[in-house]
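Asks: One structure, as structure tokens, below. Some questions next.
The values are calculated or read from the model by the stated rules, or taken from the named source; none is laboratory data. Keep in mind that what you see is a predicted model, and the values were worked out from it rather than measured. Cβ placement follows ideal geometry from the backbone for every residue including glycine, while neighbour counts extend to all protein chains displayed. Just the protein is used for accessible areas: all its heavy atoms, side chains included, with ligands, DNA and RNA removed. Shrake-Rupley method; radii C 1.70, N 1.55, O 1.52, S 1.80 Å.
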Amino acid sequence: GAGVSQSPSNKVTEKGKDVELRCDPISGHTALYWYRQSLGQGLEFLIYFQGNSAPDKSGLPSDRFSAERTGGSVSTLTIQRTQQEDSAVYLCASTLRSADTQYFGPGTRLTVL
Amino acid sequence: AQSVTQPDIHITVSEGASLELRCNYSYGATPYLFWYVQSPGQGLQLLLKYFSGDTLVQGIKGFEAEFKRSQSSFNLRKPSVHWSDAAEYFCAVVERGFGNEKLTFGTGTRLTIIP
């Protein structure tokens, strides 16, 4: 079956612009996670969804970051007024239920000029 | 909060040689433990995981890992590496029982294979 997909694969934007990153989890997976991978910070958790609700947003680095999930499926991570330090690879993962293996998408590489 | 330490930033081994990548975690109870591999420009692929039971777990591509509670370690091993194993390897831990079972990653170990 299809794995986790993310779009776009690459995004180049200018400082101050807003961007939206999309994640399509594996069908039927109820839990969805966003992570960020950057040179300085390694792999870090951003936000967790169970169904459409986000019980843990503790990893979002600032209020410029937000995410939503609709229909218990697709999730969108939005970064407003992008800054150069937002440049990173944004990874999405899904899992059938909590305490199970997380399956990762290929990521979106974001470059803020 | 849990943490994961991968002491080796970069390891170089010869093709055909054995490999051991170290991972230590800090966590009070028995965590869920994972090893993921990331090839250049790719996402993370699960190599193996430990939840409970037999402390020696087998994974894909001939990898295995052993959970040692007394040493808080979960080292990854392979008896004979192939050039295609060159990649970055991440150890990760999940804190159990809090609903949000997010992964906490180590900083990764980059593996280079020489002929």
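Asks: Going 7 Å from the Cα of A:S5 in the Cα-to-Cβ direction, what parts of region A:85-113 have a backbone nitrogen less than 17 Å from that spot?
Replies: A:92-94, A:104-109
Asks: How far apart, in nm, are the 7 Å Cα→Cβ label points at B:R77 and A:Q41?
Replies: Calculated label separation equals 3.7 nm.
Asks: Let me ask something else. Write out the GluC sites (Glu not before Pro) in region A:1-95 meeting two conditions: DSSP loop, and at most 11 other Cβ atoms within 10 Å of their Cβ.
Replies: A:E14
Asks: If you don't mind, another one. Return one whole number: the accessible area per residue of chain A in Å², for a 1.4 Å probe.
Replies: Averaged over the residues of chain A, the accessible area is 47 Å².
Asks: Further question: Taking all protein chains in place and a 1.4 Å probe, what share, in percent, of the accessible surface of chain A do carbon and sulfur account for?
Replies: Percent of accessible area from carbon and sulfur atoms in chain A: 45.
Asks: Net charge around B:K61, counting only other residues with Cβ within less than 13 Å of its Cβ (Lys, Arg = +1; Asp, Glu = -1)?
Replies: 0
Asks: Could you state the accessible area per residue of chain B in Å², with a 1.4 Å probe and every protein chain left in place?
Replies: 48 Å²
Asks: Just tell me which aspartates and glutamates come within less than 15 Å, Cα to Cα, of A:K11; anything on the same chain fewer than 8 places away is out.
Replies: Cross-link targets: A:E20, A:E85, A:D86.
Asks: How much accessible area is lost when chains B and A come together, counting both sides, with a 1.4 Å probe, in Å² rounded to the nearest 100?
Replies: That pair of chains buries around 1500 Å² in total.
Asks: Count charges around B:P79 for me, please; just the other residues with Cβ under 14 Å from its Cβ, Lys/Arg as +1, Asp/Glu as -1.
Replies: -2
Asks: For region B:46-115, which chymotrypsin sites (Phe, Trp or Tyr not before Pro) pass both filters: DSSP loop (anything but H, G, I, E, B) and at most 14 other C-beta atoms within 10 Å?
Replies: In loop regions of region B:46-115 (DSSP not H, G, I, E or B), the sparsely surrounded chymotrypsin sites (Phe, Trp or Tyr not before Pro) are B:F98.
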